[in-house]
Amino acid sequence: MTMNDTNNIFYDKAKFFRDNNLAVHISKKNNWIHNGKIIEIEKDFLILLDEVKGEMPIFFSEIFEIEKREERK
């Protein structure tokens, strides 16, 4: 699987989470994690409204995994 294929998978997942207004948990390749909601998607990156840091861009090439965030109890 090429980097472009991986980016396309993350793009599709991000679009699904944004369109369904779902909170996400993003693990990056540098071991950082982010939780929040995706507010915008571009070709190579997304804008996350991070619960702690506010709006931030995350490039698809930085992402290790993106998944639905479990509900807080």
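So the values come out like this:
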| read-out | value |
| --- | --- |
| Answer residue from segment 6-16, given it is modelled with pLDDT under 95 and out of contact with any Phe, Trp or Tyr (no Cβ under 8 Å at 6 or more places or on another chain) and is nearest to residue 69 (Cα to Cα) among those | 9 |
| In segment 28-59, residue surrounded by the most Cβ atoms within 10 Å (Cβ to Cβ) [restricted to those that are in contact with a strand residue (DSSP E or B) (Cβ under 7 Å, 6 or more places away or on another chain) and acidic (Asp, Glu)] | 50 |
| Members of segment 42-73 that are over 9 Å from the mean Cα position of the chain (by Cα), among the aliphatic types (A, V, I, L, M) and assigned to a strand (DSSP E or B) | 49, 56 |
| Residue match in segment 60-68 (condition: over 15 Å from residue 9 (Cα atoms) and surrounded by 11 or more Cβ atoms within 10 Å (Cβ to Cβ)) | no |
| Where residue 19 falls short, out of the listed (1) without any contact (Cβ under 8 Å) to a residue 40 or more places away in the chain; (2) touching a strand residue (DSSP E or B) at 6+ places or on another chain (Cβ under 8 Å); (3) farther than 16 Å from residue 70 by Cα; (4) not β-branched (Val, Ile, Thr) | (2) |
| Some residue of segment 8-18 being in contact with a His (Cβ under 6 Å, 6 or more places away or on another chain) and among the polar types (S, T, N, Q) | no |
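The values are calculated or read from the model by the stated rules, or taken from the named source; none is laboratory data. Just so you know, these numbers come straight off a predicted model, no measurement behind them. Backbone-built Cβ (ideal geometry, glycine too); neighbour counts: all protein chains shown.
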